[in-house]
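The values are calculated or read from the model by the stated rules, or taken from the named source; none is laboratory data. None of the values given here were measured: they were computed from a predicted structure. Here the Cβ positions follow ideal geometry from the backbone for every residue, glycine too, while neighbour counts run over all protein chains shown. Heads up: the accessible areas ignore ligands, DNA and RNA and are worked out on the full protein's heavy atoms, side chains in. Shrake-Rupley method; radii C 1.70, N 1.55, O 1.52, S 1.80 Å.
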Amino acid sequence: MKFNLLIIKDRTETNADNGANPNNFNGRSNYLNLHENAKTGLIIMSEKTEKQKTEKEKPERYDPKEVEPRIQKFWEEKKIFAFDRNSRKPVFSIDTPPPTISGMIHMGHAMSYSQAEFVARFWRMMGCNVFYPMGFDDNGLPTERYVEKKLNIRANTMPRQEFVKLCLEETKKGEAEFRKVWKDLGISVDWSLLYSTINPLSQRISQKSFLELYNKKRIYRAEAPVTWCPLCQTAVAQAELEDSERESFFNYIRFDVEGGASITIATTRPELMPACVAIFVHPDDERYKKLIGKKAKLPFFNREVRVYANDSVDMEFGTGAVYHCTFGDVDDINWVRKYSLPIIKAMNRNGTLNGNAGKYQGLKVEEARKQIIEDLKKEGRVEKQEKIKHVVNVHERCGTPVEFLMSVQWFIKILDMKEKFLELGNRITWHPSHMKVRYDQWVQGLNADWLISRQRFFGVPFPVWFCKKCGDVILADEKDLPVDPLHSKPNICSCGSSDFEPEKDVMDTWATSAITPLINGKWKEKDSIMEKIYPMSLRPQAHDIIRTWTFYTIAKCFLHTGEVPWKTVMISGHGLDPQGKKMSKSKGNIVEPLPIKEKYSADALRFWSSSANLGEDFPYQEKDVATGQKLLTKLWNASKLAGPNLSGKKPKELKVMDRWLLSRLMKLVKFSTEHFKTCEYGRAKAETEIFFWHEFADNYLEMVKYRLYEGGDESVKYTLYTSLLTLLKLFAPIIPHITEELYQIYFRETEKDVSIHISKWPEFDEKMIDENAEETGELAKQVISALRQYKSSNKLALNTELKKVTIDCDSETRKKIEQVEPDIKGTMKVKEIAYGKAGGITVNEKIRMDVVQ
């Protein structure tokens with residue numbers, strides 16, 4: 001066999017290499033094969049045979065199982081998606097949501113991350129130096145609960161470090177699974193920018209954030225009523241609560257009042273009676289005016305509470321009398337402060353009643369509720385019970401109804417900045433715009449400072465110790481971060497003591513996730529890139545975490561930088577199961593992406609993701625993926641037809657049908673560009689898909705086949721080149737693998753860009769808009785469509801020759817049709833076109849035709 005050494009100079013600029021590199025070889029248009037000479041062991045390069053290089057020898061069928069992994073490897077080797085911190089290109093930075101490593105990856109994840117990635121690819125083709133990292137939110141309660149459930153263990157029954165080790169091991173496994181899915185789907189992140197919220201860098205920046213806010217007196221530690229999850233046995237923030245409708249009973253219970261009177265209260269929480277400190281009535285309620293100031297006796301507890309006037313009481317609700325316990329809800333917390341009432345702690349952290357509950361000590365909430373009602377019934381104090389459905393607050397992580405307990409916790413002071421946070425929301429562009437309403441409503445409804453401490457194990461430690469002698473808070477030195485106070489300690493307190501108590505609590509995971517822009521920018525690090533990427537260009541995320549991730553990031557980043565963290569927020573919906581329900585492993589309705597990808601392709605799955613309107617929940621339907629696969633097949637076949645007839649050289653004059661297509665194409669470019677800029681990828685994709693099927697494939701290609709069979713003129717070759725390349729680019733953000741493959745086959749050699757994904761996005765050229773050509777081209781389409789219908793209804797093959805077609809139209813229309821007579825004749829095999837009276841076939845209100853076979 002003869003071997004030839006073929007040297008090819010090729011432009012191989014990547015996103016990380018802003019310039020030509022003659023030392024790199026083209027990997028597609030002129031393949032170089034390595035062959036090992038069995039006798040000498042030498043490695044020599046051989047040019048592929050002429051047969052392999054000809055356009056006619058391209059694969060007959062598109063095989064995504066072969067193409068997609070090869071293309072992904074190509075992207076990785078060429079560093080197509082690498083961020084170049086030395087580039088002078090405008091930066092487009094994305095604050096990628098770090099997924100929680102706490103469950104199965106489903107189609108909802110695939111949809112949400114694909115949608116953000118469409119936008120990343122668009123801005124990369126717009127000439128931006130795209131900063132697109134990936135992170136993993138692998139610390140905190142979600143990971144703990146995942147590990148406990150998976151390994152059937154409980155964190156509080158084993159040494160802390162042993163449990164933390166298990167969490168780290170499981171998160172590594174989870175990260176590997178997520179990474180495989182993202183790579184298989186073609187998610188174009190720069191993996192060299194990978195971070196996790198538990199790695200040393202994130203811990204250091206999170207602890208620096210704590211120290212700075214503490215020194216700014218924005219962070220404080222206090223004993224206060226906090227929302228508490230009895231199952232997870234930790235405090236939780238307001239943003240981590242969900243509403244859950246539950247069945248219960250409204251219990252009407254009679255209390256004796258001094259002087260021989262009585263008062264009846266209505267409650268769903270009789271088990272809180274041990275913590276009752278008052279009864280409230282409205283001052284204008286005539287039923288109870290005489291009882292205000294008197295004392296009511298609590299059954300079973302040998303204690304009396306006073307009846308107070310409280311204008312917050314709803315006279316129409318229940319009996320109009322409220323028994324006030326510490327604590328049943330937020331109102332109870334506010335009333336304790338307003339009326340300077342004592343606080344009685346009746347509940348343990350695990351949700352059981354304590355010694356203040358007397359004989360009910362040790363009972364869980366539900367058990368105590370049942371027992372107290374039974375005992376009250378025995379005394380004849382339950383006047384009636386009404387079965388109701390009401391909404392209770394539950395912990396979003398486990399669904400457990402929360403309680404309010406007194407506890408010492410760390411808080412970030414935010415309530416005094418509500419108006420500022422609303423103003424900051426106005427500085428950000430929201431897509432869709434109505435999603436800002438959710439942010440505003442959340443800020444307006446804030447009723448507590450941000451609780452950031454958690455009584456858990458696997459999280460970022462607070463860099464804090466407490467002096468056992470004087471009680472002072474001792475902060476870690478910034479140069480020592482990250483620190484774990486359980487395994488280190490400061491030298492000496494200002495009081496002279498060296499005996500310290502470490503802070504055992506850890507930060508809530510949101511306290512670290514809220515500074516992902518600072519983590520990405522390496523805030524206050526020696527190699528910081530904050531000046532290049534901050535404020536970040538885009539925050540993509542789902543709508544359910546506006547109240548957490550969006551709000552917390554705006555709040556914390558503003559407190560540190562004085563700026564909003566991003567210019568734009570892009571809010572996605574949820575991918576639902578085929579019945580429109582949220583996917584959940586416990587419900588057994590998870591649809592995993594990789595089996596779907598294996599059955600169809602990554603591009604087809606991405607096509608489904610692009611079909612959802614931004615911000616809207618979208619049910620998974622396999623037929624939508626199948627539709628995407630059909631598009632890939634059609635795009636491949638259309639490119640095979642056009643491929644041998646491409647020329648980038650523009651002729652002096654273009655024919656009418658070519659000007660028709662290019663004018664329509666320019667309008668598509670304008671539409672697609674405008675909608676991608678506002679994150680409306682779905683509308684951009686839909687219009688491109690319609691154009692491809694109905695204008696390019698069904699009409700234009702059919703109309704110019706006769707010209708191609710005749711050898712092809714320069715006008716059609718240029719139009720095919722321009723339109724196919726433009727369509728590939730418009731499709732590229734959505735279906736990146738097949739567009740890359742087709743670009744490499746048909747355009748790499750002439751366009752020179754190493755990848756379509758770092759080539760230039762199509763530009764709108766107003767000079768190519770030709771309204772007259774469009775009008776004429778539409779007439780040609782209508783005539784050809786009518787002739788197709790004629791042949792079909794008469795059971796004639798489309799290539800059957802028609803002897804004569806007579807067209808009846810006005811003179812102005814005739815002039816236009818005469819310009820495209822060759823196209824009508826060539827497309828529909830018409831021997832002669834005449835003009836005169838006709839009426840057999842109606843084309844439109846102006847045109848009628850007769851046909852002679």
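Tell me, yes or no, whether the range 407-420 has at least one residue that is in contact with a Lys or Arg (Cβ under 9 Å, 6 or more places away or on another chain), within 30 Å of Glu247 (Cβ to Cβ) and not in a helix (DSSP H, G or I). Yes - at least one qualifying residue is present in the range 407-420.
When you scan the range 507-547, how many residues do you find that are part of a helix (DSSP H, G or I) and within 16 Å of Lys436 (Cβ to Cβ)? Residues in the range 507-547 being part of a helix (DSSP H, G or I) and within 16 Å of Lys436 (Cβ to Cβ): 5 in total.
Based on what the data block shows, is Phe81 in contact (Cβ under 8 Å) with a residue 40 or more places away in the chain, open to solvent by less than 50 Å² (accessible area, probe 1.4 Å), touching a strand residue (DSSP E or B) at 6+ places or on another chain (Cβ under 8 Å) and under 17 Å from Arg539 (Cα atoms)?
Values: in contact (Cβ under 8 Å) with a residue 40 or more places away in the chain: yes; open to solvent by less than 50 Å² (accessible area, probe 1.4 Å): yes; touching a strand residue (DSSP E or B) at 6+ places or on another chain (Cβ under 8 Å): yes; under 17 Å from Arg539 (Cα atoms): no.
Judged against the criteria, Phe81 is not a match.
Matching residues to (1) under 18 Å from the mean Cα position of the chain (by Cα); (2) surrounded by fewer than 18 Cβ atoms within 10 Å (Cβ to Cβ); (3) touching a residue at least 40 places away in the same chain (Cβ under 8 Å):
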position: Gln161; (1), (2), (3): no, yes, no
position: Cys167; (1), (2), (3): no, no, yes
position: Val181; (1), (2), (3): yes, no, yes
position: Ser188; (1), (2), (3): yes, no, yes
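Of all residues in the range 457-482 being part of a loop (DSSP other than H, G, I, E, B) and open to solvent by less than 20 Å² (accessible area, probe 1.4 Å), which is farthest from Met570 (Cα to Cα)? The extreme case among them is Ala476.
Within the range 360-369, the set of residues being out of contact with any strand residue (DSSP E or B) (no Cβ under 8 Å at 6 or more places or on another chain) and exposed (fewer than 14 other Cβ atoms within 10 Å of the Cβ) comprises just one member, Glu366. Can we say Cys495 is closer than 19 Å to Ala222 by Cβ and either among the acidic types (Asp, Glu) or surrounded by fewer than 17 Cβ atoms within 10 Å (Cβ to Cβ) (or both)? When the stated conditions are applied, Cys495 does not pass them.
Against the test of being out of contact with any Leu (no Cβ under 6 Å at 6 or more places or on another chain), modelled with pLDDT under 95 and of a type outside the set (Asp, Glu), the options Gly712, Gly777 yield a single qualifying residue, Gly712. Of the set (1) touching a helix residue (DSSP H, G or I) at 6+ places or on another chain (Cβ under 7 Å); (2) modelled with pLDDT under 95; (3) farther than 23 Å from Val181 by Cβ, all apply to Lys655 but (2). Out of all the residues in the range 276-293, is one or more crowded, with 17+ Cβ neighbours inside 10 Å, closer than 20 Å to Gln385 by Cβ and either of a type in the set (Gly, Ala, Ser) or within 47 Å of the chain's Cα centre (by Cα) (or both)? Yes: the range 276-293 contains one or more residues that are crowded, with 17+ Cβ neighbours inside 10 Å, closer than 20 Å to Gln385 by Cβ and either of a type in the set (Gly, Ala, Ser) or within 47 Å of the chain's Cα centre (by Cα) (or both). The numbered conditions (1) in contact with a Phe, Trp or Tyr (Cβ under 7 Å, 6 or more places away or on another chain); (2) open to solvent by 20 Å² or more (accessible area, probe 1.4 Å); (3) closer than 18 Å to Phe122 by Cα are all true for Phe764 except (1).
Of all residues in the range 194-247, those that are of a type in the set (A, V, I, L, M) and without any contact (Cβ under 8 Å) to a residue 60 or more places away in the chain total 0.
Taking helices (runs of 4 or more DSSP H) as the structural unit, those lying wholly within the range 625-736 and holding at least 3 residues that are within 30 Å of Val569 (Cβ to Cβ) correspond to 656-677, 681-690, 714-731.
Put simply, of Trp523, Trp566 the only residue that is in contact (Cβ under 8 Å) with a residue 60 or more places away in the chain, farther than 16 Å from Gly615 by Cα and touching a strand residue (DSSP E or B) at 6+ places or on another chain (Cβ under 8 Å) is Trp566.
Taking the numbered list (1) under 26 Å from Pro736 (Cα atoms); (2) buried (at least 20 other Cβ atoms within 10 Å of the Cβ); (3) not aliphatic (A, V, I, L, M) in turn, Phe551 passes all entries but (1). Return the total of residues in the range 109-147 being open to solvent by less than 10 Å² (accessible area, probe 1.4 Å) and farther than 15 Å from Val189 by Cα. Within the range 109-147, residues that are open to solvent by less than 10 Å² (accessible area, probe 1.4 Å) and farther than 15 Å from Val189 by Cα number 7. Just a yes or no: is a residue in the range 576-590 buried (at least 24 other Cβ atoms within 10 Å of the Cβ) and under 16 Å from the mean Cα position of the chain (by Cα)? Checked against the condition, which is being buried (at least 24 other Cβ atoms within 10 Å of the Cβ) and under 16 Å from the mean Cα position of the chain (by Cα), the range 576-590 yields no hits at all.
For the range 376-427, a residue qualifies if it is among the aromatic types (Phe, Trp, Tyr) and either open to solvent by 60 Å² or more (accessible area, probe 1.4 Å) or under 30 Å from Thr561 (Cβ atoms) (or both), and the qualifying residues are Trp410, Phe411, Phe421.
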